[in-house]
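Notes for the one structure printed next.
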Amino acid sequence: MRLQPFGNTGRQVSVIGQGTWYIDRGDRKSAVAALRRGIDLGMTHIDTAEMYGDAELVVAEAIAGRRDEIFLVSKVLPGNASRRGTIAACERSLARLKTDRLDCYLLHWRGAYPLAETVAAFEELVSTGKIRKWGVSNFDTDDLGEMLAVAGQGRIACNQVLYHLGERAIEHGVIPWCEQHGVAVVAYSPFGHNDFPQPRDKAGRILQAIAKAHGASARQVALAFLTRAPSVFAIPKASTPEHAGDNAAAGELMLGKDDIAAIGDAFPRGARPRSLPML
């Protein structure tokens, strides 16, 4: 598994991690086995959130006895992101995850509370050792600029955003901003939302051809394309150990310039949207 620096954390983190949105909706035994298989294969970056129902409980079971191997991330809902609310939400997540600290804690998206309140809570959590670093999710460049003005340079560890072959909006502004300021970019829903390219489509056939040339799967090629920049990570979800194995193999796949150009042409990023897409 390829590792790379994760923003300002000083940590080398697996470029392919494990997302957990909806992981509590299916068979729990299979979900735990998938996460554990992913950890065995080097996908030690695990992302969850208080919004994800019982996902934190599933993660707790999967990482039991292996916490020190894991780069563990959770998120606070905007409605809880006051100074006191953020601290309380973090403590609830720690209890559900059965751990004493998070490696990174994110504001899930921007809400009504002033950013200064949330940042004050994040910094208090850092000072008490309950979180190592903090970041944001679903922030566009304007939001990132405001957060930078509030927190100062070198405080935002990452920005987790929607990014897949059919939705490349973050390439216009978000990725360049984050690279300029040393902020990791984490791609959520990297296979889209029930709309992964199919072999019957022209673009899907191109993806399949590149996959065949590398002895890889189309999903592995998609993940390798999305994480081609050294600042970008991806957190696909897997519901079975077999699926986790397929995702993990993408962490060793390196695409050539011609591959990247062909995928870029097949899945054009389009014009910059007025607002940042999110799920």
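The values are calculated or read from the model by the stated rules, or taken from the named source; none is laboratory data. None of these values were measured; they are calculated from a predicted model. Every residue, glycine as well, gets a Cβ built from its backbone with ideal geometry; the counts of neighbours run over all protein chains shown. Heavy atoms of the whole protein, side chains included, go into the accessibility calculation; ligands, DNA and RNA do not. Shrake-Rupley method; radii C 1.70, N 1.55, O 1.52, S 1.80 Å.
Sticking to Cα atoms, compute the Rg of region 145-229 to one decimal and its Dmax as the biggest Cα-Cα distance, whole number, in Å.
15.7, 49
Taking the Cα centre of region 98-153 as the origin and placing charges on Cβ (Lys, Arg +1; Asp, Glu -1), which of Leu125, Leu144, Trp109 is farthest toward the positive end of the dipole?
Leu125
For q = 0.20, 0.22, 0.25 Å⁻¹, what log10 I(q)/I(0) does region 56-121 give under the Debye formula with an equal point scatterer on each alpha carbon and no solvent?
Results for region 56-121 at q = 0.20, 0.22, 0.25 Å⁻¹ read -0.75, -0.86, -1.01.
Two-decimal Rg/Rh of region 57-165 from alpha-carbon positions, Kirkwood Rh?
Working: Rg = 13.7 Å, Rh = 14.2 Å.
Rg/Rh for region 57-165 comes to 0.97.
So what are region 102-180's ellipsoid semi-axes, whole angstrom, largest first, if each one is the square root of 5 times an eigenvalue of the alpha-carbon gyration tensor?
On the way: eigenvalues 103, 35, 26 Å².
Each semi-axis is √(5λ); the values are 23, 13, 11 Å.
Over region 1-100, what is the relative contact order in percent, taking alpha-carbon pairs closer than 8 angstrom and at least six residues apart?
On the way: 135 pairs, mean separation 24.4, N = 100.
This gives 24 percent for region 1-100.
For region 82-140, what is the accessible area per residue in Å², given a 1.4 Å probe and the full set of protein chains?
41
From Cα coordinates alone, what are the radius of gyration and Dmax values for the chain in angstrom?
According to the Cα coordinates of the chain, Rg and Dmax are 18.0, 54 Å.
Calculate, for Asp68 and Arg200, the FRET efficiency according to 1/(1 + (r/R0)^6) with r their C-beta to C-beta distance and R0 41 Å; round to the nearest 0.05. Numbers along the way, then the final one.
Details: r = 46 Å, r/R0 = 1.12.
For Asp68 and Arg200, the calculated efficiency is 0.35.
Taking Cα pairs under 8 Å and at least six residues apart, what relative contact order does the chain come out at, in percent? Please report the intermediate quantities before stating the final value.
On the way: 556 pairs, mean separation 63.0, N = 279.
In percent, rounded to a whole number, it is 23.
Run the dipole for region 1-147 about the Cα centre, Lys and Arg Cβ at +1, Asp and Glu Cβ at -1, nothing else charged, and hand back the magnitude in debye, nearest 20. Could the numbers behind the result be given before it?
On the way: 20 positive and 20 negative charges, 96 e Å.
In debye, rounded to 20, region 1-147 gives about 460.
Under 5 Å between amide hydrogens, which residues at least 5 positions from Arg11 or on another chain qualify, with H placed 1.01 Å from N in the peptide plane?
The list, which skips near neighbours in sequence, is Phe6.
For all pairs of alpha-carbon atoms in region 14-63, what percent lies in each bin of width 10 Å, listed from the first bin to the last filled one?
Calculated over all Cα pairs of region 14-63, the distribution is 30, 59, 11 percent.
Counting only protein heavy atoms and a 1.4 Å probe, tell me what percentage of the chain's accessible area is made up of carbon and sulfur.
On the way: 5860 of 11810 Å².
Solvent-exposed carbon and sulfur of the chain make up 50 percent of the total.
What are the aspartates and glutamates whose alpha-carbon lies under 15 Å from the alpha-carbon of Lys257, with same-chain residues fewer than 8 places away excluded?
Output for Lys257: Asp265.
So if each residue of separation counts as 0.36 nm, and I subtract the Cα-Cα distance between Ile260 and Ala112, what length gain in nm does that give?
Details: separation 148, 0.36 × 148 = 53.28 nm, distance 3.98 nm.
Length gained between Ile260 and Ala112: 49.3 nm.
Check each of the trypsin sites (Lys or Arg not before Pro) in region 57-156 and keep only those in coil by DSSP with at most 15 other C-beta atoms within 10 angstrom; list them in order. Could the numbers behind the result be given before it?
Numbers: sites: Arg66, Arg67, Lys75, Arg83, Arg84, Arg92, Arg96, Lys98, Arg101, Arg110, Lys130, Arg132, Lys133, Arg155; in loops: Arg66, Lys98, Arg101, Arg110, Lys130, Arg155.
Loop-located and lightly packed - Arg66, Lys98.
Where the centre of each part is set by its Cα atoms, how far does region 36-55 sit from region 192-250, in angstrom?
Rounded to whole Å, the Cα centres lie 19 Å apart.
I need two numbers for region 1-122: Rg to one decimal and Dmax as a whole number, Cα atoms only, in Å.
Every Cα atom of region 1-122 included, Rg and Dmax give 14.4, 41 Å.
Using Cα pairs under 8 angstrom and six or more residues apart, how large is the relative contact order of region 117-256, in percent?
On the way: 180 pairs, mean separation 26.4, N = 140.
Relative contact order, region 117-256: 19 percent.
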